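S.K.: One structure, pasted below without further comment.
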Amino acid sequence: MHQPSMSPRPSIYYPYQVHAAWTPGAGQARESLQQVVIAGNGPAGMVTALELARHGVPSVILTAECQFTQGSRAIVFTRRSLEILQQVGVADRLMAAGLPWRFGNSYYRGQQVFRMEAPKSDDDRFWPMLNIQQQYLEEYLHEACVATGLIEVRWGNKVTGVNQLADQVRVQVDTPAGEYELPTQWLVAADGGRSVVRNLLGLGMEGTSYEGHFVIADIRVDLPLPTERLAFFDPPWNPGNTVLMHREPHGIWRVDYQLPKGESPEEALKPERLTERINAQLAMIGHAGVAWELDWSSVYSARTLTLSDYWHQRVLFVGDAAHLLPIFGVRGANTAFQDAQSLGWHLAWVCRGLARPGLLANFSAERVGAAREIIAEAGKSVRFMAPPGWGHECVRNAVLSLSLTQAFVRPLYHWRTSRPHEYTHSVLNAVDDDNAVFESGPAQGAAPINVRLSPDSFLLDHLGGGFDLLWFSDEALPPALSAEITAWRTQGWPIRVVALGQRQAPVPGADLSLHDASGQARRRYGVLEEGTCYLLRPDQHVCARWQRLDAHRLRRALARINPEPLA
(Lines give C-alpha, C1' and ligand atoms only; values in the text may rest on other atoms or scores of the structure.)
Protein backbone atom coordinates (compact mmCIF):
# COMPACT_ATOMS: atom_id res chain seq x y z
CA MET A 1 0.00 0.00 0.00
CA HIS A 2 1.15 3.51 -0.82
CA GLN A 3 2.27 5.39 2.28
CA PRO A 4 2.93 9.10 1.59
CA SER A 5 4.83 11.09 4.20
CA MET A 6 2.53 12.63 6.80
CA SER A 7 5.23 14.84 8.32
CA PRO A 8 5.23 18.48 7.17
CA ARG A 9 8.11 19.29 4.87
CA PRO A 10 10.83 21.41 6.50
CA SER A 11 10.96 25.09 5.54
CA ILE A 12 12.12 28.29 7.22
CA TYR A 13 9.48 30.43 5.48
CA TYR A 14 6.56 28.27 4.23
CA PRO A 15 4.16 26.51 6.66
CA TYR A 16 3.42 23.19 4.96
CA GLN A 17 -0.01 21.66 5.62
CA VAL A 18 -0.48 17.90 5.41
CA HIS A 19 -3.82 16.97 3.86
CA ALA A 20 -5.70 13.81 4.76
CA ALA A 21 -5.24 11.04 2.23
CA TRP A 22 -8.34 10.10 0.23
CA THR A 23 -9.13 6.41 0.54
CA PRO A 24 -11.93 4.26 -0.92
CA GLY A 25 -14.47 3.32 1.71
CA ALA A 26 -14.72 -0.27 2.89
CA GLY A 27 -17.13 -2.17 0.66
CA GLN A 28 -17.47 0.88 -1.56
CA ALA A 29 -19.29 0.28 -4.83
CA ARG A 30 -17.39 0.37 -8.09
CA GLU A 31 -16.09 3.85 -8.96
CA SER A 32 -18.31 5.69 -11.41
CA LEU A 33 -16.98 6.73 -14.81
CA GLN A 34 -15.34 10.17 -14.63
CA GLN A 35 -15.15 12.60 -17.52
CA VAL A 36 -11.55 13.64 -16.82
CA VAL A 37 -8.92 12.37 -14.39
CA ILE A 38 -5.73 14.39 -13.97
CA ALA A 39 -2.58 12.71 -12.67
CA GLY A 40 -0.58 15.35 -10.80
CA ASN A 41 -1.53 18.40 -8.77
CA GLY A 42 1.34 20.68 -9.76
CA PRO A 43 0.70 23.94 -11.61
CA ALA A 44 0.09 22.17 -14.96
CA GLY A 45 -2.48 19.78 -13.49
CA MET A 46 -4.38 22.36 -11.47
CA VAL A 47 -4.51 24.96 -14.25
CA THR A 48 -5.85 22.27 -16.60
CA ALA A 49 -8.54 21.40 -14.04
CA LEU A 50 -9.45 25.06 -13.57
CA GLU A 51 -9.67 25.65 -17.32
CA LEU A 52 -11.94 22.62 -17.69
CA ALA A 53 -14.09 23.89 -14.82
CA ARG A 54 -14.44 27.27 -16.53
CA HIS A 55 -16.10 25.38 -19.39
CA GLY A 56 -18.30 23.36 -17.03
CA VAL A 57 -16.32 20.10 -17.17
CA PRO A 58 -15.65 18.35 -13.82
CA SER A 59 -12.41 16.51 -13.06
CA VAL A 60 -10.63 14.45 -10.42
CA ILE A 61 -7.01 15.24 -9.53
CA LEU A 62 -4.83 12.40 -8.24
CA THR A 63 -1.66 13.24 -6.33
CA ALA A 64 0.70 10.77 -4.68
CA GLU A 65 1.73 13.23 -1.94
CA CYS A 66 -0.35 14.81 0.81
CA GLN A 67 1.23 18.28 0.67
CA PHE A 68 2.54 20.78 -1.83
CA THR A 69 5.89 20.41 -3.56
CA GLN A 70 9.11 20.72 -1.58
CA GLY A 71 11.30 23.73 -2.27
CA SER A 72 10.70 26.87 -4.27
CA ARG A 73 11.01 25.10 -7.67
CA ALA A 74 9.58 27.41 -10.35
CA ILE A 75 9.87 30.99 -9.13
CA VAL A 76 9.69 33.30 -12.19
CA PHE A 77 6.35 33.81 -13.92
CA THR A 78 5.95 35.86 -17.09
CA ARG A 79 3.33 38.42 -18.03
CA ARG A 80 1.56 35.97 -20.33
CA SER A 81 1.44 33.41 -17.52
CA LEU A 82 -0.16 35.99 -15.25
CA GLU A 83 -2.73 36.74 -17.96
CA ILE A 84 -3.55 33.02 -18.07
CA LEU A 85 -3.65 32.79 -14.28
CA GLN A 86 -5.95 35.84 -14.24
CA GLN A 87 -8.44 33.72 -16.19
CA VAL A 88 -8.50 31.09 -13.42
CA GLY A 89 -8.65 33.63 -10.61
CA VAL A 90 -5.24 33.62 -8.89
CA ALA A 91 -3.24 36.41 -10.56
CA ASP A 92 -4.21 39.09 -8.05
CA ARG A 93 -3.05 36.95 -5.11
CA LEU A 94 0.24 36.25 -6.85
CA MET A 95 0.82 39.93 -7.61
CA ALA A 96 0.08 40.87 -4.00
CA ALA A 97 2.56 38.31 -2.64
CA GLY A 98 5.27 38.31 -5.34
CA LEU A 99 8.12 40.55 -6.44
CA PRO A 100 7.77 42.12 -9.91
CA TRP A 101 10.83 42.89 -12.05
CA ARG A 102 12.00 43.64 -15.58
CA PHE A 103 15.80 43.95 -15.61
CA GLY A 104 18.53 41.33 -15.88
CA ASN A 105 22.27 41.88 -15.47
CA SER A 106 25.19 39.83 -16.79
CA TYR A 107 28.67 40.19 -15.31
CA TYR A 108 32.10 39.05 -16.43
CA ARG A 109 35.30 39.71 -14.48
CA GLY A 110 33.48 42.11 -12.19
CA GLN A 111 32.14 44.22 -15.06
CA GLN A 112 28.53 44.52 -16.13
CA VAL A 113 28.60 43.49 -19.79
CA PHE A 114 24.87 43.28 -20.57
CA ARG A 115 21.65 44.65 -19.11
CA MET A 116 18.39 43.13 -20.25
CA GLU A 117 15.33 45.37 -20.12
CA ALA A 118 11.98 43.64 -20.63
CA PRO A 119 9.41 46.03 -22.14
CA LYS A 120 6.56 47.37 -20.02
CA SER A 121 3.98 49.87 -21.25
CA ASP A 122 1.02 51.66 -19.72
CA ASP A 123 -1.22 49.10 -21.48
CA ASP A 124 0.20 46.19 -19.45
CA ARG A 125 -1.67 45.16 -16.32
CA PHE A 126 1.19 42.88 -15.27
CA TRP A 127 4.94 43.29 -15.07
CA PRO A 128 7.13 41.30 -17.47
CA MET A 129 8.20 38.94 -14.66
CA LEU A 130 7.11 38.10 -11.13
CA ASN A 131 9.12 36.15 -8.57
CA ILE A 132 7.26 33.95 -6.08
CA GLN A 133 7.92 30.45 -4.79
CA GLN A 134 5.94 27.58 -6.33
CA GLN A 135 4.40 26.51 -3.01
CA TYR A 136 2.37 29.75 -2.89
CA LEU A 137 1.20 29.30 -6.47
CA GLU A 138 0.11 25.74 -5.66
CA GLU A 139 -1.70 26.92 -2.53
CA TYR A 140 -3.64 29.58 -4.46
CA LEU A 141 -4.46 27.20 -7.31
CA HIS A 142 -5.64 24.50 -4.88
CA GLU A 143 -7.97 26.92 -3.11
CA ALA A 144 -9.33 28.02 -6.49
CA CYS A 145 -9.91 24.37 -7.43
CA VAL A 146 -11.85 23.69 -4.25
CA ALA A 147 -13.94 26.83 -4.76
CA THR A 148 -15.21 25.66 -8.18
CA GLY A 149 -17.18 22.73 -6.78
CA LEU A 150 -16.25 20.85 -9.97
CA ILE A 151 -12.77 19.63 -9.00
CA GLU A 152 -12.12 16.78 -6.56
CA VAL A 153 -8.56 16.49 -5.24
CA ARG A 154 -7.56 13.05 -3.98
CA TRP A 155 -4.44 13.40 -1.86
CA GLY A 156 -2.20 10.37 -1.29
CA ASN A 157 -3.42 8.64 -4.48
CA LYS A 158 -0.60 7.19 -6.56
CA VAL A 159 -1.17 6.08 -10.16
CA THR A 160 0.26 2.58 -10.67
CA GLY A 161 -1.40 1.38 -13.87
CA VAL A 162 -3.08 2.65 -17.03
CA ASN A 163 -5.28 0.40 -19.18
CA GLN A 164 -6.68 2.05 -22.30
CA LEU A 165 -9.93 0.73 -23.79
CA ALA A 166 -11.80 1.95 -26.83
CA ASP A 167 -14.08 4.31 -24.89
CA GLN A 168 -12.29 4.88 -21.58
CA VAL A 169 -9.12 4.56 -19.49
CA ARG A 170 -8.99 2.40 -16.38
CA VAL A 171 -6.53 3.93 -13.95
CA GLN A 172 -5.08 1.78 -11.19
CA VAL A 173 -4.56 3.81 -8.03
CA ASP A 174 -2.77 2.91 -4.79
CA THR A 175 -3.70 4.54 -1.47
CA PRO A 176 -2.87 4.06 2.22
CA ALA A 177 -5.97 1.84 2.40
CA GLY A 178 -5.17 -0.24 -0.68
CA GLU A 179 -5.71 -0.14 -4.42
CA TYR A 180 -8.78 0.72 -6.46
CA GLU A 181 -9.62 1.21 -10.13
CA LEU A 182 -10.84 4.56 -11.41
CA PRO A 183 -12.45 4.60 -14.90
CA THR A 184 -12.40 7.84 -16.89
CA GLN A 185 -13.18 9.00 -20.39
CA TRP A 186 -9.92 10.97 -20.52
CA LEU A 187 -6.69 10.87 -18.53
CA VAL A 188 -4.43 13.95 -18.39
CA ALA A 189 -0.82 13.21 -17.49
CA ALA A 190 0.47 16.24 -15.58
CA ASP A 191 2.71 14.22 -13.29
CA GLY A 192 6.01 15.96 -13.94
CA GLY A 193 9.41 15.20 -15.38
CA ARG A 194 9.47 11.67 -13.98
CA SER A 195 5.97 11.01 -15.29
CA VAL A 196 4.63 7.64 -14.17
CA VAL A 197 1.97 7.75 -16.89
CA ARG A 198 4.56 8.39 -19.60
CA ASN A 199 6.64 5.48 -18.35
CA LEU A 200 3.62 3.17 -18.11
CA LEU A 201 2.84 3.88 -21.76
CA GLY A 202 6.47 3.30 -22.72
CA LEU A 203 6.82 6.66 -24.44
CA GLY A 204 10.24 8.09 -25.29
CA MET A 205 11.20 11.74 -25.76
CA GLU A 206 13.18 13.41 -28.54
CA GLY A 207 15.89 16.00 -27.99
CA THR A 208 19.05 16.46 -25.95
CA SER A 209 20.14 16.00 -22.33
CA TYR A 210 23.17 18.10 -21.43
CA GLU A 211 25.86 16.79 -19.11
CA GLY A 212 26.34 19.93 -17.02
CA HIS A 213 24.70 20.05 -13.58
CA PHE A 214 23.54 23.04 -11.55
CA VAL A 215 22.91 23.33 -7.82
CA ILE A 216 19.84 25.25 -6.67
CA ALA A 217 20.18 26.67 -3.16
CA ASP A 218 17.51 28.78 -1.48
CA ILE A 219 18.98 30.83 1.36
CA ARG A 220 17.56 33.41 3.71
CA VAL A 221 19.91 36.38 3.67
CA ASP A 222 19.59 40.14 3.91
CA LEU A 223 21.07 41.63 0.73
CA PRO A 224 20.47 45.31 -0.16
CA LEU A 225 19.96 44.52 -3.84
CA PRO A 226 16.99 45.15 -6.17
CA THR A 227 14.77 42.43 -7.62
CA GLU A 228 16.71 41.85 -10.82
CA ARG A 229 18.20 38.74 -12.36
CA LEU A 230 21.95 38.49 -11.78
CA ALA A 231 24.18 36.28 -13.93
CA PHE A 232 27.91 35.85 -13.34
CA PHE A 233 30.08 34.21 -16.00
CA ASP A 234 33.42 32.60 -15.19
CA PRO A 235 33.54 33.86 -11.58
CA PRO A 236 36.90 33.48 -9.78
CA TRP A 237 35.54 30.92 -7.31
CA ASN A 238 33.85 28.83 -10.06
CA PRO A 239 36.08 29.23 -13.16
CA GLY A 240 34.58 28.44 -16.53
CA ASN A 241 31.09 28.14 -15.07
CA THR A 242 27.97 30.27 -14.51
CA VAL A 243 26.14 31.53 -11.41
CA LEU A 244 22.60 32.96 -11.31
CA MET A 245 20.85 34.82 -8.48
CA HIS A 246 17.20 35.80 -7.95
CA ARG A 247 15.45 37.54 -5.05
CA GLU A 248 12.35 35.75 -3.74
CA PRO A 249 9.71 36.86 -1.23
CA HIS A 250 10.23 36.41 2.54
CA GLY A 251 13.92 37.29 2.48
CA ILE A 252 14.88 34.27 0.36
CA TRP A 253 17.49 34.35 -2.41
CA ARG A 254 17.89 31.67 -5.07
CA VAL A 255 21.50 30.87 -5.97
CA ASP A 256 22.06 28.59 -9.00
CA TYR A 257 25.62 27.59 -9.76
CA GLN A 258 27.15 25.23 -12.27
CA LEU A 259 29.22 22.31 -11.00
CA PRO A 260 32.78 21.66 -12.13
CA LYS A 261 33.06 18.78 -14.56
CA GLY A 262 33.25 15.40 -12.87
CA GLU A 263 31.68 16.43 -9.57
CA SER A 264 28.70 14.30 -8.60
CA PRO A 265 25.38 15.75 -7.34
CA GLU A 266 25.84 13.87 -4.05
CA GLU A 267 29.22 15.52 -3.48
CA ALA A 268 27.86 18.94 -4.46
CA LEU A 269 25.01 18.78 -1.92
CA LYS A 270 27.21 18.01 1.07
CA PRO A 271 26.72 20.80 3.67
CA GLU A 272 30.39 21.79 3.70
CA ARG A 273 30.47 22.15 -0.12
CA LEU A 274 27.26 24.21 -0.17
CA THR A 275 28.57 26.46 2.60
CA GLU A 276 31.94 26.99 0.91
CA ARG A 277 30.42 27.96 -2.42
CA ILE A 278 27.62 30.16 -1.14
CA ASN A 279 30.10 32.04 1.04
CA ALA A 280 32.36 32.49 -1.99
CA GLN A 281 29.48 33.88 -4.07
CA LEU A 282 28.39 36.29 -1.35
CA ALA A 283 31.99 37.46 -0.93
CA MET A 284 32.34 38.01 -4.68
CA ILE A 285 29.34 40.38 -4.73
CA GLY A 286 30.69 42.34 -1.76
CA HIS A 287 28.90 40.70 1.18
CA ALA A 288 31.56 38.51 2.74
CA GLY A 289 30.70 37.19 6.17
CA VAL A 290 26.99 38.03 5.99
CA ALA A 291 24.84 35.59 7.95
CA TRP A 292 22.62 33.26 5.91
CA GLU A 293 20.47 30.18 6.44
CA LEU A 294 19.79 27.35 3.98
CA ASP A 295 16.17 26.46 3.29
CA TRP A 296 16.39 23.94 0.44
CA SER A 297 18.83 22.68 -2.14
CA SER A 298 18.71 20.41 -5.16
CA VAL A 299 20.58 19.56 -8.37
CA TYR A 300 19.28 19.74 -11.92
CA SER A 301 20.65 19.23 -15.41
CA ALA A 302 19.62 21.10 -18.53
CA ARG A 303 17.44 19.07 -20.88
CA THR A 304 15.66 19.97 -24.10
CA LEU A 305 13.26 17.06 -24.64
CA THR A 306 9.69 16.62 -25.82
CA LEU A 307 7.25 13.90 -26.72
CA SER A 308 6.52 13.93 -30.43
CA ASP A 309 2.78 13.73 -29.72
CA TYR A 310 0.80 14.86 -26.66
CA TRP A 311 -2.33 12.84 -27.55
CA HIS A 312 -2.23 9.05 -27.17
CA GLN A 313 -5.71 7.56 -27.61
CA ARG A 314 -7.40 8.71 -24.39
CA VAL A 315 -4.32 10.01 -22.59
CA LEU A 316 -3.08 13.58 -22.99
CA PHE A 317 0.15 15.14 -21.75
CA VAL A 318 0.93 18.62 -20.40
CA GLY A 319 3.81 20.32 -18.61
CA ASP A 320 6.97 18.43 -17.70
CA ALA A 321 5.23 15.13 -18.43
CA ALA A 322 5.11 16.29 -22.06
CA HIS A 323 8.43 18.12 -22.32
CA LEU A 324 11.55 18.88 -20.29
CA LEU A 325 12.92 22.37 -20.84
CA PRO A 326 15.91 24.18 -19.29
CA ILE A 327 15.20 26.83 -16.69
CA PHE A 328 17.21 29.45 -18.60
CA GLY A 329 14.59 31.86 -19.94
CA VAL A 330 11.97 30.77 -17.34
CA ARG A 331 10.41 28.27 -19.70
CA GLY A 332 9.28 25.33 -17.55
CA ALA A 333 6.15 26.36 -15.64
CA ASN A 334 5.41 29.22 -18.04
CA THR A 335 5.20 26.78 -20.94
CA ALA A 336 3.08 24.45 -18.81
CA PHE A 337 0.47 27.18 -18.27
CA GLN A 338 0.14 27.60 -22.02
CA ASP A 339 -0.19 23.80 -22.40
CA ALA A 340 -2.91 23.71 -19.75
CA GLN A 341 -4.84 26.65 -21.16
CA SER A 342 -4.80 25.10 -24.62
CA LEU A 343 -5.75 21.60 -23.48
CA GLY A 344 -8.48 22.97 -21.22
CA TRP A 345 -10.64 24.36 -24.00
CA HIS A 346 -9.82 21.69 -26.61
CA LEU A 347 -10.76 18.88 -24.21
CA ALA A 348 -13.79 20.74 -22.87
CA TRP A 349 -15.16 21.14 -26.40
CA VAL A 350 -14.82 17.37 -26.90
CA CYS A 351 -16.32 16.51 -23.49
CA ARG A 352 -19.30 18.80 -24.10
CA GLY A 353 -19.97 17.33 -27.53
CA LEU A 354 -19.16 20.57 -29.34
CA ALA A 355 -16.31 18.96 -31.29
CA ARG A 356 -15.06 15.53 -32.27
CA PRO A 357 -12.06 13.96 -30.50
CA GLY A 358 -10.00 14.78 -33.58
CA LEU A 359 -9.83 18.37 -32.31
CA LEU A 360 -7.29 17.10 -29.79
CA ALA A 361 -4.84 16.54 -32.65
CA ASN A 362 -4.75 20.31 -33.02
CA PHE A 363 -3.90 20.74 -29.32
CA SER A 364 -1.02 18.32 -29.77
CA ALA A 365 0.25 19.85 -33.01
CA GLU A 366 0.17 23.38 -31.63
CA ARG A 367 1.86 22.57 -28.32
CA VAL A 368 4.47 20.18 -29.77
CA GLY A 369 5.29 22.94 -32.24
CA ALA A 370 5.65 25.38 -29.34
CA ALA A 371 7.94 22.98 -27.46
CA ARG A 372 10.14 22.47 -30.50
CA GLU A 373 10.43 26.21 -31.03
CA ILE A 374 11.37 26.67 -27.37
CA ILE A 375 13.91 23.85 -27.58
CA ALA A 376 15.55 25.52 -30.58
CA GLU A 377 15.84 28.80 -28.67
CA ALA A 378 16.62 27.32 -25.28
CA GLY A 379 19.36 25.18 -26.76
CA LYS A 380 21.24 28.35 -27.67
CA SER A 381 20.96 29.61 -24.09
CA VAL A 382 22.06 26.26 -22.67
CA ARG A 383 25.06 26.06 -24.95
CA PHE A 384 26.11 29.53 -23.80
CA MET A 385 25.42 28.99 -20.08
CA ALA A 386 26.88 25.48 -19.99
CA PRO A 387 28.92 24.73 -23.16
CA PRO A 388 28.54 21.02 -23.99
CA GLY A 389 31.85 20.70 -25.84
CA TRP A 390 35.19 22.27 -26.71
CA GLY A 391 33.88 24.16 -29.74
CA HIS A 392 30.97 25.78 -27.89
CA GLU A 393 33.31 26.62 -25.01
CA CYS A 394 35.70 28.42 -27.37
CA VAL A 395 32.85 30.48 -28.83
CA ARG A 396 31.56 31.41 -25.38
CA ASN A 397 35.02 32.36 -24.14
CA ALA A 398 35.51 34.57 -27.19
CA VAL A 399 32.18 36.33 -26.50
CA LEU A 400 33.09 36.77 -22.83
CA SER A 401 36.47 38.26 -23.67
CA LEU A 402 35.21 40.56 -26.42
CA SER A 403 32.28 41.79 -24.31
CA LEU A 404 34.65 43.69 -22.03
CA THR A 405 35.39 46.16 -24.83
CA GLN A 406 33.05 45.41 -27.76
CA ALA A 407 29.38 46.30 -27.39
CA PHE A 408 28.25 44.41 -30.49
CA VAL A 409 28.69 40.97 -28.86
CA ARG A 410 26.89 41.79 -25.60
CA PRO A 411 23.36 40.93 -26.80
CA LEU A 412 24.59 37.32 -27.07
CA TYR A 413 24.20 37.21 -23.28
CA HIS A 414 20.41 37.55 -23.68
CA TRP A 415 18.64 34.51 -22.24
CA ARG A 416 15.75 34.59 -24.77
CA THR A 417 12.94 34.82 -22.25
CA SER A 418 9.86 32.62 -22.58
CA ARG A 419 7.13 34.16 -24.72
CA PRO A 420 3.69 33.00 -25.88
CA HIS A 421 3.86 30.78 -28.94
CA GLU A 422 2.09 32.04 -32.04
CA TYR A 423 -0.04 29.35 -33.69
CA THR A 424 0.70 30.76 -37.14
CA HIS A 425 0.04 27.46 -38.92
CA SER A 426 -2.91 26.24 -36.85
CA VAL A 427 -5.63 24.45 -38.79
CA LEU A 428 -8.12 26.54 -36.79
CA ASN A 429 -6.99 29.79 -38.43
CA ALA A 430 -9.42 31.17 -41.00
CA VAL A 431 -8.33 30.74 -44.61
CA ASP A 432 -10.38 33.54 -46.16
CA ASP A 433 -10.17 36.38 -43.65
CA ASP A 434 -8.27 39.66 -44.07
CA ASN A 435 -5.23 38.71 -42.00
CA ALA A 436 -2.76 39.57 -44.77
CA VAL A 437 -4.24 43.04 -45.25
CA PHE A 438 -3.63 44.29 -41.71
CA GLU A 439 -0.47 46.34 -41.25
CA SER A 440 -0.36 45.94 -37.44
CA GLY A 441 -2.11 44.24 -34.55
CA PRO A 442 -1.98 40.60 -33.42
CA ALA A 443 -1.97 38.29 -36.42
CA GLN A 444 -3.57 34.85 -36.80
CA GLY A 445 -2.43 32.53 -34.03
CA ALA A 446 -1.02 35.28 -31.81
CA ALA A 447 -1.99 35.96 -28.22
CA PRO A 448 -4.04 39.13 -27.74
CA ILE A 449 -2.58 42.54 -26.94
CA ASN A 450 -3.73 44.19 -23.75
CA VAL A 451 -5.04 47.76 -23.68
CA ARG A 452 -5.68 50.06 -20.73
CA LEU A 453 -9.27 51.32 -21.08
CA SER A 454 -9.44 53.26 -17.81
CA PRO A 455 -7.20 53.64 -14.73
CA ASP A 456 -7.97 50.11 -13.52
CA SER A 457 -9.67 48.43 -16.46
CA PHE A 458 -7.85 46.54 -19.20
CA LEU A 459 -9.16 44.81 -22.30
CA LEU A 460 -8.05 41.32 -21.20
CA ASP A 461 -9.96 41.72 -17.93
CA HIS A 462 -13.14 41.30 -19.99
CA LEU A 463 -12.19 38.45 -22.34
CA GLY A 464 -12.00 34.67 -22.07
CA GLY A 465 -14.21 31.69 -21.35
CA GLY A 466 -15.44 31.16 -24.88
CA PHE A 467 -15.07 32.68 -28.33
CA ASP A 468 -14.85 36.49 -28.21
CA LEU A 469 -15.76 38.54 -31.26
CA LEU A 470 -14.18 41.99 -30.92
CA TRP A 471 -16.36 44.47 -32.81
CA PHE A 472 -14.58 47.80 -33.36
CA SER A 473 -17.53 50.06 -34.00
CA ASP A 474 -20.16 52.28 -32.42
CA GLU A 475 -22.72 50.97 -34.90
CA ALA A 476 -25.12 48.09 -34.26
CA LEU A 477 -24.21 44.59 -35.42
CA PRO A 478 -25.84 43.79 -38.78
CA PRO A 479 -28.96 41.64 -38.26
CA ALA A 480 -27.58 38.77 -40.36
CA LEU A 481 -24.41 38.66 -38.26
CA SER A 482 -26.43 38.67 -35.02
CA ALA A 483 -28.61 35.85 -36.37
CA GLU A 484 -25.52 33.77 -37.22
CA ILE A 485 -24.14 34.19 -33.70
CA THR A 486 -27.50 33.22 -32.21
CA ALA A 487 -27.53 30.06 -34.33
CA TRP A 488 -24.17 28.97 -32.93
CA ARG A 489 -25.29 29.76 -29.39
CA THR A 490 -28.30 27.51 -29.77
CA GLN A 491 -25.83 24.66 -30.44
CA GLY A 492 -24.18 25.37 -27.07
CA TRP A 493 -21.28 27.50 -28.26
CA PRO A 494 -20.27 30.27 -25.86
CA ILE A 495 -19.76 33.28 -28.13
CA ARG A 496 -19.67 36.84 -26.86
CA VAL A 497 -19.65 40.05 -28.87
CA VAL A 498 -17.44 42.66 -27.22
CA ALA A 499 -17.83 46.09 -28.80
CA LEU A 500 -15.07 48.68 -28.56
CA GLY A 501 -16.65 52.01 -29.41
CA GLN A 502 -15.45 55.56 -29.07
CA ARG A 503 -18.80 56.82 -27.86
CA GLN A 504 -19.70 56.04 -24.27
CA ALA A 505 -22.92 54.26 -25.13
CA PRO A 506 -24.03 50.62 -25.44
CA VAL A 507 -23.61 49.17 -28.91
CA PRO A 508 -26.78 47.37 -30.08
CA GLY A 509 -26.21 43.66 -30.57
CA ALA A 510 -23.10 43.54 -28.35
CA ASP A 511 -23.01 41.53 -25.13
CA LEU A 512 -20.49 43.96 -23.66
CA SER A 513 -19.65 47.51 -24.71
CA LEU A 514 -16.24 48.88 -23.74
CA HIS A 515 -15.32 52.54 -24.08
CA ASP A 516 -12.20 53.06 -26.22
CA ALA A 517 -12.20 56.81 -25.66
CA SER A 518 -8.60 57.45 -26.71
CA GLY A 519 -8.69 55.08 -29.67
CA GLN A 520 -5.75 53.16 -28.20
CA ALA A 521 -7.44 49.79 -28.72
CA ARG A 522 -7.98 50.66 -32.38
CA ARG A 523 -4.35 51.65 -32.80
CA ARG A 524 -2.98 48.54 -31.09
CA TYR A 525 -5.22 46.28 -33.17
CA GLY A 526 -4.48 47.99 -36.48
CA VAL A 527 -8.08 49.14 -37.00
CA LEU A 528 -8.50 51.51 -39.93
CA GLU A 529 -12.27 51.43 -40.46
CA GLU A 530 -15.51 50.88 -38.56
CA GLY A 531 -16.67 47.28 -38.39
CA THR A 532 -13.22 45.71 -38.10
CA CYS A 533 -13.47 42.41 -36.18
CA TYR A 534 -11.18 39.98 -34.41
CA LEU A 535 -12.24 36.45 -33.44
CA LEU A 536 -10.44 35.09 -30.37
CA ARG A 537 -10.47 31.41 -29.41
CA PRO A 538 -11.28 30.35 -25.83
CA ASP A 539 -7.53 30.48 -25.08
CA GLN A 540 -7.63 34.08 -26.38
CA HIS A 541 -5.40 33.42 -29.42
CA VAL A 542 -6.53 35.09 -32.63
CA CYS A 543 -8.02 32.71 -35.19
CA ALA A 544 -9.44 35.29 -37.63
CA ARG A 545 -9.57 39.02 -38.26
CA TRP A 546 -11.56 40.99 -40.79
CA GLN A 547 -11.75 44.55 -41.95
CA ARG A 548 -15.33 43.78 -42.87
CA LEU A 549 -17.21 40.77 -41.51
CA ASP A 550 -20.42 39.15 -42.71
CA ALA A 551 -22.34 36.12 -41.47
CA HIS A 552 -20.93 33.73 -44.11
CA ARG A 553 -17.30 34.53 -43.26
CA LEU A 554 -17.93 34.09 -39.54
CA ARG A 555 -19.65 30.74 -40.17
CA ARG A 556 -16.69 29.49 -42.20
CA ALA A 557 -14.24 30.56 -39.50
CA LEU A 558 -16.13 28.82 -36.67
CA ALA A 559 -16.74 25.72 -38.79
CA ARG A 560 -13.00 25.06 -38.87
CA ILE A 561 -13.40 23.63 -35.37
CA ASN A 562 -15.52 20.90 -36.98
CA PRO A 563 -15.07 20.67 -40.76
CA GLU A 564 -18.23 18.54 -40.98
CA PRO A 565 -21.49 18.97 -39.03
CA LEU A 566 -21.77 16.90 -35.87
CA ALA A 567 -24.32 14.09 -36.06
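S.K.: At least 1 residues that are crowded, with 20+ Cβ neighbours inside 10 Å and within 14 Å of the chain's Cα centre (by Cα) in each: list the helices (runs of 4 or more DSSP H) lying fully within the range 261-368 that qualify.
M.R.: Filter on the range 261-368 gives 332-351.
S.K.: So, one more: Restricted to the range 52-75, and to residues that are touching a Leu at 6+ places or on another chain (Cβ under 8 Å) and at pLDDT 95 or above, which residue is nearest to VAL197 (Cα to Cα)?
M.R.: LEU62
S.K.: Of the conditions (1) β-branched (Val, Ile, Thr); (2) modelled with pLDDT of 95 or more; (3) part of a helix (DSSP H, G or I), VAL409 satisfies every one except a single condition; which number is it?
M.R.: Exception for VAL409: condition (2).
S.K.: Would you mind telling me which numbered condition in (1) buried (at least 20 other Cβ atoms within 10 Å of the Cβ); (2) of a type in the set (Val, Ile, Thr); (3) in contact (Cβ under 8 Å) with a residue 60 or more places away in the chain THR148 fails?
M.R.: Of everything listed in (1) buried (at least 20 other Cβ atoms within 10 Å of the Cβ); (2) of a type in the set (Val, Ile, Thr); (3) in contact (Cβ under 8 Å) with a residue 60 or more places away in the chain, THR148 misses just condition (1).
S.K.: Moving on. Which one of these is within 24 Å of SER81 (Cα to Cα), outside the structural domain of ILE84 (by TED's automatic domain parsing) and among the hydrophobic types (A, V, I, L, M, F, W, C): PHE467, PHE472?
M.R.: None of the other options fit; the residue is PHE467.
S.K.: Test VAL507 against the criterion of being at pLDDT 95 or above, in a loop (DSSP other than H, G, I, E, B) and closer than 14 Å to TRP471 by Cα, and give yes or no.
M.R.: Spelling it out, VAL507 is indeed at pLDDT 95 or above, in a loop (DSSP other than H, G, I, E, B) and closer than 14 Å to TRP471 by Cα.
S.K.: Return the pair list, or none, for Cβ contacts closer than 7 Å from residues in the range 155-170 that are over 18 Å from PHE68 (Cβ atoms) to residues that are among the small types (Gly, Ala, Ser), at least 6 apart or on different chains.
M.R.: Close Cβ pairs (under 7 Å, with a partner that is among the small types (Gly, Ala, Ser)) amount to VAL159/ALA39.
S.K.: Something else: Which residues, taken from the range 434-452, are in contact (Cβ under 8 Å) with a residue 12 or more places away in the chain and more than 25 Å from GLN341 (Cα to Cα)?
M.R.: ASP434, VAL437, PHE438, GLU439, SER440
S.K.: Regarding the range 106-120, can at least one residue be identified that is more than 27 Å from the chain's Cα centre (by Cα) and small (Gly, Ala, Ser)?
M.R.: yes
S.K.: In addition: Here is a list: GLY509, GLY519. Which entry is touching a helix residue (DSSP H, G or I) at 6+ places or on another chain (Cβ under 8 Å), more than 14 Å from PRO448 (Cβ to Cβ) and of a type in the set (Gly, Ala, Ser)?
M.R.: Answer to the selection: GLY509.
The values are calculated or read from the model by the stated rules, or taken from the named source; none is laboratory data. Here the structure is a predicted model, which means the values were calculated and not measured. Ideal geometry is used to build each Cβ from the backbone, glycine not excepted, and the neighbour counts take in all protein chains shown.
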